Structure formats: C-alpha cells, structure tokens
Amino acid sequence: QVQLVESGGGLVQTGESLRLSCVVSRRSLDGFAVGWFRQPPGKERQFVAAIHWNAANTNYADSVKGRFDIVRDRAQNTVYLKMNNLKTEDTAVYYCAAGVRGVTAAADGYMYWGQGTQVTVSS
C-alpha cells in the first residue's frame, strides 16, 4: 500500500498563509493524481484541489479558487497546497489522497489516504 503523510497544519489568523505538504511513499507516481480534501467540524468531507503527476493539470473547488494553489515537486515525491488569505471557513482537517482516475473531485476516485493534518483559522 502506498502511504501518504501530511504536514504543515497549525493555527493561523484570518488573512494569513499556510503551506501543507503531502509526501507520498511510492517510487513512481506516473499515472496518479494527488488531491486534497478537508472536513470542517460538523460537516461532510469536501474536495479542495487536485493535480495530475504527469500532465500537471489541476482542479480546484470554487470555494478556494484564486486563494489556494496546488503544486508538485517530482524530485521529492511531494505535493503542496499553498493556502493564501485564509478564512475561518477554511478550518478543517485536511487530507491528501492519491488515485488513478484523474483530478476528479469525487472521493471514490482516490484509493490511498493520509491521516490528516489540522488547520485552524481564528479571527
């Protein structure tokens, strides 16, 4: 099983920025997409962003478009989620996931999941 490890979560204030990292323990990610999901307190899991490892095409949720940026570092097998102008609504546990069905927003398109990292945005 491929393993994913998220890091970079923490407590920030509204308007600030934060960068999350997802390191994937697989020799080659050819054909994979890596996505970010989040689950706010008391709400269902929601799609955030995804990127294809080869083509680098991306997909963003409307709620984060223009504020968040997903990028990959092939040499380090790492996908970053750069979050800017954070809002209290961004407070959630953030999960990274990997799958082979493209940059879909559907959770069932990802077969491997990390354990999550907490992001808390205070006002």
_HN-Hα J in Hz across segment 104-116 - Karplus 6.51, -1.76, 1.60, θ = phi - 60°, x for Gly and Pro_ = 6, 8, 7, 4, 6, x, 10, 9, 10, 9, x, 8, x
*Surface share of carbon and sulfur [accessible, 1.4 angstrom probe, percent] for segment 39-112*: 44
*asked:* Calculate the FRET efficiency for residue 71 and residue 43 from the Cβ-Cβ distance with a Förster distance of 22 Å, rounded to the nearest 0.05.
replied: 0.25
*Before anything else, pin down the relative contact order of segment 1-108: Cα pairs under 8 Å, at least 6 apart, normalised by residue count, whole percent.*
35
_In segment 1-58, the GluC sites (Glu not before Pro) that fall in loop regions by DSSP, at most 10 other Cβ within 10 Å_ = 44
*Which whole-percent values make up P(r) of segment 1-101 when all C-alpha to C-alpha distances are grouped in 10 Å steps starting at zero?*
15, 51, 28, 5
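Please list 90, 108 in order of solvent-accessible area, largest first, computed with a 1.4 Å probe with all protein chains present. Kindly include the intermediate steps, with their values, before the conclusion.
On the way: 90 0, 108 110 Å².
Highest to lowest solvent-accessible surface, that is 108, 90.
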*In nm, to one decimal, how far is the residue 62 label point from the residue 1 one, both placed 7 Å along Cα→Cβ?*
3.5
_From phi via Karplus (6.51, -1.76, 1.60), per-residue ³J(HN,Hα) for segment 52-58 in Hz, x at Gly/Pro_ = 8, 5, 8, 7, 6, 5, 10
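Using a probe radius of 1.4 Å on heavy atoms only, what accessible surface per residue do you get for the chain? Whole Å² is fine. Intermediate values should be presented prior to the final figure.
Values: 6250 Å² over 123 residues.
Accessible area per residue, the chain: 51 Å².
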*GNM on the chain, C-alpha springs below 10 Å: top fluctuator among 14, 104, 58?*
14
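The values are calculated or read from the model by the stated rules, or taken from the named source; none is laboratory data. As the structure is a prediction and not an experimental result, all values here were calculated from the model. Positions of Cβ are generated from backbone atoms using ideal geometry, with glycine treated the same way; all protein chains shown enter the neighbour counts. SASA here: full protein model, heavy atoms, side chains in, ligands and nucleic acids out. Shrake-Rupley method; radii C 1.70, N 1.55, O 1.52, S 1.80 Å.
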